1. Residues of the stretch 177-223 being open to solvent by less than 20 Å² (accessible area, probe 1.4 Å), of a type in the set (S, T, N, Q) and touching a strand residue (DSSP E or B) at 6+ places or on another chain (Cβ under 9 Å), which ones?
2. Looking at (1) open to solvent by 10 Å² or more (accessible area, probe 1.4 Å); (2) polar (S, T, N, Q); (3) within 15 Å of ligand 1 (Cβ to nearest atom), which is the one condition that is false for Thr140?
3. Scan the stretch 155-176 and tell me whether some residue there is β-branched (Val, Ile, Thr), within 16 Å of ligand 2 (Cβ to nearest atom) and open to solvent by less than 10 Å² (accessible area, probe 1.4 Å).
4. Return yes or no: is Lys117 open to solvent by 20 Å² or more (accessible area, probe 1.4 Å), touching a residue at least 60 places away in the same chain (Cβ under 8 Å), at negative phi and out of contact with any Asp or Glu (no Cβ under 9 Å at 6 or more places or on another chain)?
5. If I ask for residues that are closer than 26 Å to Glu317 by Cβ, within 16 Å of ligand 1 (Cβ to nearest atom) and in contact with a helix residue (DSSP H, G or I) (Cβ under 7 Å, 6 or more places away or on another chain), which ones from the stretch 252-300 would you list?
6. Kindly indicate the residue of the stretch 38-49 that is open to solvent by less than 60 Å² (accessible area, probe 1.4 Å) and in a loop (DSSP other than H, G, I, E, B) and also farthest from ligand 1 (Cβ to nearest atom) among those meeting that condition.
7. From the residues in the stretch 116-137 that are in contact with a helix residue (DSSP H, G or I) (Cβ under 6 Å, 6 or more places away or on another chain) and closer than 15 Å to Ile295 by Cα, which one is nearest to ligand 1 (Cβ to nearest atom)?
8. Quick one: is Glu145 assigned to a loop (DSSP other than H, G, I, E, B), of a type in the set (Asp, Glu) and open to solvent by 30 Å² or more (accessible area, probe 1.4 Å)?
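The values are calculated or read from the model by the stated rules, or taken from the named source; none is laboratory data. Values in this document were obtained by computation on a predicted structure and should not be read as measured data. Neighbour counts run over all protein chains shown; Cβ positions are idealised from the backbone, glycine included. The area values use the complete protein model at the heavy-atom level, side chains included, leaving out ligands, DNA and RNA. Shrake-Rupley method; radii C 1.70, N 1.55, O 1.52, S 1.80 Å.
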Amino acid sequence: MNMLITGGAGFIGSHVVRRFVNNYPNYKIYNLDALTYAGNLENLSDIENLPNYFFIKGDILDSIFINTIFEKYRFDGVIHLAAESHVDRSITDPLAFVKTNIFGTVNLLNAAKDVWKEETSNRRFYHISTDEVYGSLGKTGLFTEKTPYNPNSPYAASKASSDHFVRAYGETYGLPYIITNCSNNYGPNHFPEKLIPLCITNIIQNKPLPVYGDGKYTRDWLYVKDHAAAIDLVFHKGKNQETYNIGGFNEWQNIDLVKLLCRLLDQKLNREEGTSLKLITYVKDRPGHDLRYAIDASKINKELGWRPSVTFEEGLEMTIDWYLENQEWLDHVTSGDYIEYYEKMYNEKETNQ
Ligand code: NAD
Ligand code: TYD
């Protein structure tokens, strides 16, 4: 099997690539990534010399290039993770999200449709999406696969649009597809612009922990390797033209999560209890901030037997240890472009407490 994984140098993609390269030595795994600020080949240094792994540097916006590699490698399966993925960036630059997440996905769909036109059996286009397409929950309820799409951020709208295109290619051209919508991931290699890695790195460096609004927003957190395991299972055992929700059964209000990280890191760093809590800084809220996400993952659980294998305590401990042991990785990703972005984002936000 020749497999294309897009966005494999990013956070979730690197865990998916590693899992497939290690678990399926008979597959050839092609990782296509443009290496934007979020893509880092250091994430895969442990597997880069394995004989079934191949890296292709390329942009999914380049349709000629995408068609050429589909013609050349005749991929049997695609797992599509390449995307612009950060909500705050989508608020300052929505068009970048329209381009990569919508046009980029359509370029891949066109290429797959064209090379698979004679033979669609044993082919699969697996699109990785997010629970954010469903919009916001109130204090109760869960997102199911039947929840209507109601995206609130430009990121969520671009992912919703790409999901619709994937489904439409299934209906119109008979393209064999699967979509999964997953909740917030955390774990090693997470770029430190998202809440958990940002707080871990800022606590280590004694920097402020920016909590948006009143901090009462709720997210459902899943350890990234459990997401990669779900993706493996769905790719091999899922049903075509279906969607599956993936979640952590693990809801946390942001402020409680930040306080938990402070406690855990004070212990790890042998700091006096309560030291890091002083770093918590309430800042201006994100516009259009979704109150609560929570996934009903009973379909994937009943049909495919998946559930998370790691508790939040175990996952956070492994994540914190990874950041403490990989300061060099952090130094590399926190240089250059990212610093500029970080300063722009956070200098604009005034503290309100
Ligand atoms: P990420 O931002 O860490 O990585 C994205 C990767 O895509 C990077 O390696 C980047 O270089 C690459 N990329 C970006 N634009 C590209 C382009 N034009 N051409 C080729 N490569 C390009 O993202 P992530 O957090 O790993 O998310 C991966 C996927 O999972 C995304 O589709 C995202 O929407 C989805 N998802 C993420 C989460 C989460 O909590 N992070 C949850 C659910 C779903
Ligand atoms: P984030 O990690 O950006 O993921 P998403 O917006 O995709 O859910 O944010 C998680 C939650 O944390 C979200 O409610 C926004 C909030 N947040 C903060 O309070 N401070 C921060 O610095 C960041 C990045 C996020």
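1. Answer for the stretch 177-223, where residues must be open to solvent by less than 20 Å² (accessible area, probe 1.4 Å), of a type in the set (S, T, N, Q) and touching a strand residue (DSSP E or B) at 6+ places or on another chain (Cβ under 9 Å): Thr180, Asn181, Ser183, Asn185, Asn202, Thr218.
2. (3)
3. First, the residues of the stretch 155-176 that are β-branched (Val, Ile, Thr): 166, 172.
Then drop every residue that is not within 16 Å of ligand 2 (Cβ to nearest atom), which leaves none.
Taking every residue of the stretch 155-176 in turn, none turns out to be β-branched (Val, Ile, Thr), within 16 Å of ligand 2 (Cβ to nearest atom) and open to solvent by less than 10 Å² (accessible area, probe 1.4 Å).
4. Working: open to solvent by 20 Å² or more (accessible area, probe 1.4 Å): yes; touching a residue at least 60 places away in the same chain (Cβ under 8 Å): no; at negative phi: yes; out of contact with any Asp or Glu (no Cβ under 9 Å at 6 or more places or on another chain): yes.
When the stated conditions are applied, Lys117 does not pass them.
5. Asn254, Tyr293, Ile295, Ile300
6. Ile47
7. Thr130
8. yes
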